[in-house]
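Heads up: the structure comes next, in structure tokens.
The values are calculated or read from the model by the stated rules, or taken from the named source; none is laboratory data. Source: prediction; values computed, not measured. Cβ coordinates were reconstructed from backbone atoms using ideal geometry, including for glycine residues, and neighbour counts include every protein chain displayed. All accessible areas refer to the heavy atoms of the entire protein, side chains included, with ligands and DNA or RNA removed. Shrake-Rupley method; radii C 1.70, N 1.55, O 1.52, S 1.80 Å.
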Amino acid sequence: MKKRIVCAMMCVAMAATSLVGCGSKANEGAADNSSAEKKDDASAEGKVYYLNFKPEAADQWTALAETYSEETGVEVTVQTAASGTYEQTLKSEMAKSNAPTLFQVNGPVGLASWKDYCYDLAGSDIYSQVKSDDFVLKEGDAVEAIQYAIEVYGIIYNKTILDEYCGKDYAVVKSADEINSFDKLKAVADSIQENKDDLGVKGAFASAGMDPSSDWRFKTHLANLPIYYEYKDKGIGYTDKIEGTYLDKYKQIWDLYITDSTCEPSMISSKTGDDARAEFVLGEAVFFQNGTWEYGNLIEGGMTDDDLGMLPIYIGAAGEENQGLCVGSENYWCVNKNASEADIQATLDFMNWCITSDTGRDALANQMGFLTPFKSFDDGYMPANKLIDCSNEYVDSGKTSVAWSFLTIPSETWKDGVGAALTEYAQGTGDWKAVEDAFVIGWEDEYAAAHME
């Protein structure tokens, strides 16, 4: 079933990859589980330093690196940047003599800052496993970055509590299937908030924390929706000047998040990602904006597949009843071309082992829950993830997946400006005009700064 998300991602990618060239078809090849034993002299002398982007998978990456080192004798170091600090950490680590040999960019815009560090992966074993060039970033024939995880996000909901709500006399819907627009979502959330004591919850939505561990959910992932719809109207994949035609819709979903919530809006600056997750896992909130990467944490927290569902993020755009979940990736691997020849070879071998060995594939698919674009995962290594199943259901019903248009956001500074303005607005110390200015004027300024010769 989960192969369908790969197909959906290939279609969605076309809307946002006008900055990415097309290349030759990847070579066919079977997975080689003994690749770790076939090191040449260069890789045997080399070492690997991976700067990991995903804090939620830090323990799994560390364990996988230790296993690889035990099997091969190759030193593999994994360092994980704190949430929201990856770019800053990467800049710091790249300035050191012992710089990362394997790092990550979040798409074409992120690549622009690091392309001078990227080794050409065109002849690598890992590139031969990529299903399509829709999953790579290229300049000419050079493969500068390879996507390693496809992800989905939306509004995760507690199906058990929502089903209970739907059976109440005061319920405004009788099934979650009826929630197919912002108006329906708001009516349900308002009703849950009004009857929270009867339902035994603290709020409809988990806290919209604007601590750095959580604010990316709103200054980036939620901001994707007004960007996506503006791009869709104009038939474009990126822009130097965003007009903000859907910022009124952004405002109404943000207002809903901060009013029908487990906490007062004045508290969100200190609320963390852990706080929001805990509120959801403990049944204190019915809705939680997040993605497939949270699945393992939710199950570990005591939830079951029967407890979980996912809705699209509805903002009130025309035709949104035909909208699916947000499908895409900001997870692209790059190899540091400035590393020694031995370290580059060791890194390439480690990457290939991760996507072809039984141990590596099990870790990525089953422990980290990644859906990957590699042919080597088709044979029994699709992740068991209820949230991915939810996305497949939308695809099967003919809904259009939402592209990750936020990959074209001009800079981290833009995101920080929008995030600060959202926080000030929620706390009552700023107005919505400041959010609009950060979004529109900030975009133009940051795009110009990023493209200065």
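Worth pointing out:
- By the Kirkwood approach, averaging reciprocal distances over each pair of separate Cα atoms, the stretch 379-453 gets a hydrodynamic radius of 15.5 Å.
- Rounded to 5, the percent of DSSP beta bridges in the chain classed as antiparallel: 70
- Gain upon complete extension [residue 184, residue 233; 0.36 nm per residue less C-alpha separation]: 15.3 nm
- Helical contribution to [θ] at 222 nm, DSSP H n ≥ 4, -39,500 (n - 2.57), averaged over the chain, rounded to 500: -12000 deg cm²/dmol
- Share of pairwise Cα separations in the stretch 173-266, more than 17 Å, in percent: 59
- Sequence of 236, 227 when ordered by accessible area, the most exposed leading, probe 1.4 angstrom: 236, 227
- Given 91/415; 249/271; 91/115, the pairs whose alpha carbons are separated by over 20 Å: 249/271
- Near-label residues of the stretch 306-320 by backbone N, under 16 Å of a point 7 Å along Cα→Cβ of residue 366: none
- The 3J(HN,Hα) values that the Karplus relation (6.51, -1.76, 1.60; θ = phi - 60°) gives for the stretch 292-300 are, in residue order, 4, 5, 7, 3, x, 5, 5, 5, 4 Hz. Gly and Pro appear as x.
- Rounded to the nearest whole angstrom, the semi-axes of the ellipsoid equivalent to the chain, taken from the Cα gyration tensor as √(5λ), stand at 37, 25, 20, largest first.
- Set of aspartates and glutamates near residue 241 by C-alpha distance (under 16 Å), chain-local residues within fewer than 8 positions excluded: 230, 233, 436, 437, 444, 445, 446
- For the stretch 297-453, a simple Cβ point-charge model (Lys and Arg +1, Asp and Glu -1, everything else neutral) yields a dipole of about 200 debye relative to the Cα centre.
- Averaged per residue, the stretch 140-285 has 38 square angstrom of accessible surface, using a 1.4 angstrom probe with ligands and nucleic acids left out.
- The equivalent ellipsoid of the stretch 309-453 has semi-axes of 35, 26, 13 Å, largest first, where each one is the square root of 5 times an eigenvalue of the Cα gyration tensor.
- Residues whose placed amide H lies under 5 Å from that of residue 202, excluding near-sequence neighbours: 285
- At full extension, residue 58 and residue 168 could sit 35.4 nm farther apart than now, given 0.36 nm per residue minus the alpha carbon distance.
- Here the accessible area is traced with a 1.4 Å probe on the protein chains. For the stretch 165-289, carbon and sulfur cover 45 percent of it.
- 11 Å beta-carbon shell around residue 225, net charge (K/R +1, D/E -1): 0
- Rel. contact order, % - alpha carbon contacts under 8 angstrom, at least six apart, the stretch 363-453: 20
- Couplings for the stretch 303-318, taken from phi via the Karplus curve 6.51 cos²θ - 1.76 cosθ + 1.60 with θ = phi - 60°, read 7, 10, 4, 5, 8, 10, x, 9, 10, x, 7, 8, 10, x, 6, 4 Hz in order; Gly and Pro are left as x.
- Lysine pairs within the stretch 129-186, Cα separation less than 19 Å, 8 or more sequence positions apart or different chains: 8
- Measuring how big the stretch 113-228 is from its alpha-carbon positions, Rg and Dmax come out at 21.7, 63 Å.
- To put it simply, the accessible area of the stretch 314-453 at a 1.4 Å probe is 46 percent carbon and sulfur.
- Calculated SAXS-style log₁₀ I(q)/I(0) at q = 0.12, 0.17, 0.22 Å⁻¹ - the stretch 53-165, Debye, Cα scatterers: -0.58, -1.04, -1.45
- Taken over the stretch 185-332, the percentage of Cα pairs per 5 Å bin, counting from 0 up to the bin with the maximum distance, is 2, 9, 17, 21, 21, 16, 9, 4, 1, 0.
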